[in-house]
Every structure is written in C-alpha cells, then in structure tokens.
Amino acid sequence: MSPKGRSIAEAPGWKMRLESALYDVGPVRHIRLDVRSGEVTLEMARTDSVVKEVVRESGLVINGLRVEFEPVDPGYVPDASAPARSAFFMANVPAVTNIDSVHRWARQQQINCDVDPVNDLVPDMGDRTIAFLTTKANTIRNGKYLDGLEYKCRTVKVSRIEDPKALFASKESLEHGIREWLEFIKDS
C-alpha cells in the first residue's frame, strides 16, 4: 500500500526500474498495478530460489517509496536472517535527468545498487541535487564508499539511513528526514 496516496506509478519509468532492480534475479514476465491499493504484482519464472531472491530485494526505493516484496503464496516464510538492502542519502549528484549516469558510475565503483532521485519530494530544495542509493546485499563495497569521491566536478556526499522503514513510512517523515539531513551536510 502506498503511504498517503503516493504511488510507485508516479515515477517516470517505474516498470523499467523494477525490471532493472530484479535483473540479476531473472526476467519479469508481467507487471500489474492495482490502482486502488497501489500494489504491484510481478510475474516471474518460478525456480527454487526466485521467491527468496525477490524478497531479498525489499528496500528498493522508487519515487521516494520503499518497496517491500512479499510472496503471493501465504505459505512462504521469508528468511529473517537474509541481509536486507542498505539505504543512503546521496547529495551533489547531477540533475535528475542524469540519474542513469549516476547509477552507472556507482556500479563502476563496484557498488551493486539502485539510485532514486529526490525530485519534487521536498519543496524549495533550490539547486540541491539529492538521490537515494540502495545497495544490494551482494555488493562488493558499501554505499558509504562513494562519500567524498568526485563525480562530474562535484564532491559526492553520502550518509547511511539508519532506519529506512521509519524514514519512508510517510511523506511527512520523508520530508522531515531529507531536510534534517540537508542541514547536517550543510554544517559539516
């Protein structure tokens, strides 16, 4: 369910972004959006590990929404010990139109991740360019590795989000968290 009426479908290219996030798991055959509930149903080839691997992708951020993957089969119990995605704030990245280049750059740094721009999630951000970075469990390097690196003549600033579930719980908590983080990096 999407918090406070926001929907994953409001993000440009959301289907392609879901497919990209699940690329290592396997091809997505079909994606269906229930407009009323905001829930998305994926259809993929069933293998012994596909359900476990898809559930492990929980924590992906699209359009400022934290995506949780749940199996359709109520008998499936996810592995509680499986590592979850880590989430990070990322500042001083190129404009939203170049977010794919940021993603490629992070992957070149051996960070298996997805990048989500913070476009109009917070009003009055001025010329600040921010994104969310979520790293997959099998990444070689942590997202924090990017902190202080130069990218397109900008020094990238990265901080770990300690409680992603709380931050992404509502639009208000997300806006508050972003503003708080912007103040923190301005003073550091």
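Each reported figure results from applying straightforward, stated rules to the coordinates on display, with no laboratory input. All figures in this text were calculated on a predicted structure; none of them were measured in a lab. Cβ atoms come from the backbone with ideal geometry, glycine included; neighbour counts cover every protein chain shown.
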### Query
In square nanometres, what is one fourth of the surface area of the convex hull spanned by the alpha carbons of segment 3-67?
4.3 nm²
### Query
When the helix-only estimate is applied to the chain (DSSP H runs of n ≥ 4, each -39,500 (n - 2.57), divided by the residue count), what is the mean residue ellipticity at 222 nm, nearest 500 deg cm²/dmol?
-7000 deg cm²/dmol
### Task
Using the number of other C-beta atoms within 10 angstrom as an exposure proxy, rank Ile161, Ile185 with the fewest first.
Ile185, Ile161
### Query
So which lysines pass the test for Lys152, namely a Cα distance under 27 Å, with those fewer than 8 places away in the same chain ruled out?
Lys136, Lys144, Lys186
